[in-house]
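Asks: Have a look at this one.
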Amino acid sequence: MSQSAAGGRGRPRDRAVDQRVLRAAWGLLHAGGYAALNVDDVAERAAVAKTTLYRRWPTKDRLAVAVAAEELGEVPIPDTGDLCGDLTEFVAALAASLNRVRMSGHSGGGASAGLAAELVAAAARHPDIGELVRAGFAQRHALARARLQRAVEREGLRPDLDHGLLIDQLAGPVYYRILITGAPADREYAERLVEAVLDSAFTAKEQGA
């Protein structure tokens, strides 16, 4: 999900202003979490008028979602010909980006879901924000589906597998750990998760290669 989409429609915007606002907002979120995000402080730090900020992001929730989208960025899926390795990179990058958002405002470790949970709550409070968040996930999942289809064609991934379910099996545990349990979701976990999900996912010929 792009930060411009999170702000709404209108005339073309000054990207430099957007970036100043988002950096200022991220500084507040990173230092103090969602409670520290204050529109007056963001406007002062970014050296923009509050009216300019509100035209772009009418609510604190929308601004927070835009900042998170910027920080999460894209989570590309490599295509090296090694599906297990490529999905491990994808899961590890997803976990790392979510952890960056989760840890905003934390002075130390801990299992709290932090800002990540606040953004989930914002999407639940506002249907329009929920639609933007879901659109971002849909785009990411479309890239994953395309990678899996190429694996069917070139790498021996079983053609009868439900690709949507496989993606859920990869992404779901990462969100569960970050939002619920606080357990580590590092590269070692990504490797074990992908190995477990792909167990028996290839044709007999590929498995015996």
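The values are calculated or read from the model by the stated rules, or taken from the named source; none is laboratory data. Every value quoted in this text rests on a predicted model; they were computed, and no experiment measured them. Because the Cβ atoms are built from the backbone with ideal geometry, glycine has one as well, and the counts that use them run over all protein chains shown. Areas reflect the complete protein model, heavy atoms only, side chains present, ligands, DNA and RNA absent. Shrake-Rupley method; radii C 1.70, N 1.55, O 1.52, S 1.80 Å.
Asks: Taking the conditions exactly as written (under 26 Å from D61 (Cβ atoms), among the small types (G, A, S) and at pLDDT 80 or above), does A113 satisfy them or not? So that I can check it myself, show each step before the final result.
Replies: Details: under 26 Å from D61 (Cβ atoms): yes; among the small types (G, A, S): yes; at pLDDT 80 or above: no.
No.
Asks: Show the residue pairs that are 6+ apart or on different chains and have beta-carbon atoms under 9 Å apart, the first residue being within the stretch 68-83 and over 19 Å from R154 (Cα atoms), the second being open to solvent by 50 Å² or more (accessible area, probe 1.4 Å) and at pLDDT below 75.
Replies: Pairs found: A68/M1; A69/M1; A69/S2; E70/S2; L72/M1.
Asks: Any chance you could count how many residues in the stretch 59-75 are farther than 20 Å from H126 by Cβ and either exposed (fewer than 14 other Cβ atoms within 10 Å of the Cβ) or of a type in the set (S, T, N, Q) (or both)? Give the steps one after another, and end with the answer.
Replies: So in the stretch 59-75, the residues farther than 20 Å from H126 by Cβ come out as 73-75.
Still in the running and either exposed (fewer than 14 other Cβ atoms within 10 Å of the Cβ) or of a type in the set (S, T, N, Q) (or both): 73-74.
Of the residues in that region, 2 qualify.
Asks: Let me ask another. Determine the pairs where a residue that is over 23 Å from A138 (Cβ atoms), located within the stretch 151-172, has a partner that is outside any helix (DSSP H, G or I) and open to solvent by less than 90 Å² (accessible area, probe 1.4 Å) with Cβ atoms under 7 Å apart, the partner being 6 or more residues away or on another chain.
Replies: Every condition considered, the pairs that remain are E155/G81; G156/F202; G156/T203; R158/A201; R158/F202; R158/T203.
Asks: Does the stretch 151-171 hold any residues that are part of a helix (DSSP H, G or I), surrounded by fewer than 13 Cβ atoms within 10 Å (Cβ to Cβ) and out of contact with any His (no Cβ under 9 Å at 6 or more places or on another chain), and which are they? Can you show your working first?
Replies: So the first thing to find is which residues in the stretch 151-171 are part of a helix (DSSP H, G or I), and the list is 151-154, 163-171.
Checking the rest, the ones that are also surrounded by fewer than 13 Cβ atoms within 10 Å (Cβ to Cβ) come to 153-154, 164-165.
Correct list: E153, R154, L165.
Asks: Please count how many residues of the stretch 35-58 are open to solvent by 30 Å² or more (accessible area, probe 1.4 Å), over 15 Å from D18 (Cα atoms) and either modelled with pLDDT under 90 or assigned to a loop (DSSP other than H, G, I, E, B) (or both).
Replies: 3
Asks: Something else now. Against the definition (closer than 16 Å to L83 by Cα, of a type outside the set (D, E, K, R), surrounded by 15 or more Cβ atoms within 10 Å (Cβ to Cβ) and at pLDDT below 95), how does A190 come out, yes or no? Give the derivation first.
Replies: Values: closer than 16 Å to L83 by Cα: yes; of a type outside the set (D, E, K, R): yes; surrounded by 15 or more Cβ atoms within 10 Å (Cβ to Cβ): yes; at pLDDT below 95: no.
Answer is no for this residue.
Asks: Now a separate question. For the stretch 193-209, how many residues are open to solvent by 90 Å² or more (accessible area, probe 1.4 Å) and not basic (K, R)?
Replies: Here is the first cut: in the stretch 193-209, the residues open to solvent by 90 Å² or more (accessible area, probe 1.4 Å) are 195, 199, 205, 207, 209.
Subset that is not basic (K, R): 195, 199, 207, 209.
Count: 4.
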